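**Student:** There's a structure below that I have some questions on.
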Amino acid sequence: MENDRLLVLYPQKRGSEKERARLDEVLEAALDGIDAEIVENMDLLEQDPERYRGQRLLFAVPLGKNGINRGYYEVLAWLRGGEQVLSGAVGGMIIDAESEFYTKATARELAVAANRAGCAFVGRPLVEGTASLDNYLIQAANMNTDRFGAYKKSAQILAHEILETEWEPKKEAHLLVLHASNHRTSNTLAIWQKVKEQLDDRIKIQEVNLRNGTLVDCSGCPYQMCLHFGEQGKCFYGGAMVEAIYPAVKWADAILLLCPNYNDALSANMTAFINRLTALFRTTRFYDKALFAIIVSGYSGSDLLAGQLVTALNMNKTFYLPGNFCMMETANNAGAAMKLPGIEDRIREFSERVADTLLEKTQK
């Protein structure tokens, strides 16, 4: 695929001139020197179903004060239509608001919908502008500019990242699987065992049960202390996180998280893993590591957990997000997951996606 052109989906037709003005200026800076096409009429999305597949995409969404952009909802409806309209695409997002709210929530919702429609996302795919731009205080200091300057520079970096990112499959890949479930009763683990059986033997697997040993959650050490321990590949609190999980994350080309739905949220141990990953992240970025997940809900809400994983590990911790990164199922009683209609087909499809992402194509 040629990566020299960027398609910008800019649902602005119902936004006011004031709502668009700042984002227009940010886009002008981001697209400087880039061959880009800006698509503003969202009514055209369904007219050419092949147009956006395999493309490099930048979603640009002005939210105004109330967090509502009616054109954006047309994009969302298109993405949620059930078709792989963005198969093979790689994307990122710029979300701009005239309040301190809604940018991250909109990005999370958009990323999950686009990913389920086949779109991959680069590590750290979100550039957001709140009304005050206080979210750029640190970046502005690091870039030796003001907050708006940091906003524009961040957008420019993202645009180039979308164009230049190339995921590199390998002859042999390492997959780290993390869970905190009981083997006897877990539907999530039952699905994983079937996925595991179908994975190519060129994928070397390491499984870590986060229930084994005490996994202390992050207590928010001062930045310099966290950095000091991170530079040594450690964390102040030590334990299983430093002794087993940090080395496993470094070893892995991808991580696969097994996530039963607890009260519409990730389990405590899984949350602790994500939080404690910060010390390692101080010195190690994860752009070259992919994120996968299997999520099982007793009743509903799997998409909420998918959003939590996307914001925590793709948007914040820079993991690469392959298209259709997670398998989501609904099963309550023990053993129910493997009795779901079509479950074997979905397991096979997910296993193939993992293998297709991680491994070079073999010559036949």
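**Student:** Consider Arg184 against the criteria (1) under 16 Å from Val296 (Cα atoms); (2) charged (D, E, K, R); (3) not assigned by TED's automatic domain parsing to the domain that holds Ala337: it satisfies all of them except one. Which criterion is unmet?
**Tutor:** (3)
**Student:** Which one is farthest from Lys170 (Cα to Cα), of the residues in segment 256-265 that are among the aliphatic types (A, V, I, L, M) and buried (at least 24 other Cβ atoms within 10 Å of the Cβ)?
**Tutor:** If we take residues in segment 256-265 being among the aliphatic types (A, V, I, L, M) and buried (at least 24 other Cβ atoms within 10 Å of the Cβ), then Leu258 is farthest from Lys170 (Cα to Cα).
**Student:** Every residue in segment 162-193 that is surrounded by fewer than 18 Cβ atoms within 10 Å (Cβ to Cβ) and under 30 Å from Gly54 (Cα atoms), please.
**Tutor:** Scanning segment 162-193 gives Glu164, Glu166, Trp167, Glu168, Pro169, Lys170, Lys171, Glu172.
**Student:** Among the residues in segment 272-287, are any out of contact with any Lys or Arg (no Cβ under 6 Å at 6 or more places or on another chain), under 21 Å from Ala334 (Cα atoms) and touching a residue at least 12 places away in the same chain (Cβ under 8 Å)?
**Tutor:** Scanning segment 272-287, I find no residue that is out of contact with any Lys or Arg (no Cβ under 6 Å at 6 or more places or on another chain), under 21 Å from Ala334 (Cα atoms) and touching a residue at least 12 places away in the same chain (Cβ under 8 Å), so the answer is no.
**Student:** Let me ask another. Restricting the search to segment 274-316, which residues are part of a helix (DSSP H, G or I) and aliphatic (A, V, I, L, M)?
**Tutor:** Ile274, Leu277, Ala279, Leu280, Leu304, Leu305, Ala306, Leu309, Val310, Ala312, Leu313, Met315
The values are calculated or read from the model by the stated rules, or taken from the named source; none is laboratory data. Keep in mind that what you see is a predicted model, and the values were worked out from it rather than measured. Please note: Cβ atoms are built from the backbone with ideal geometry, for glycine as well, and neighbour counts cover all protein chains shown.
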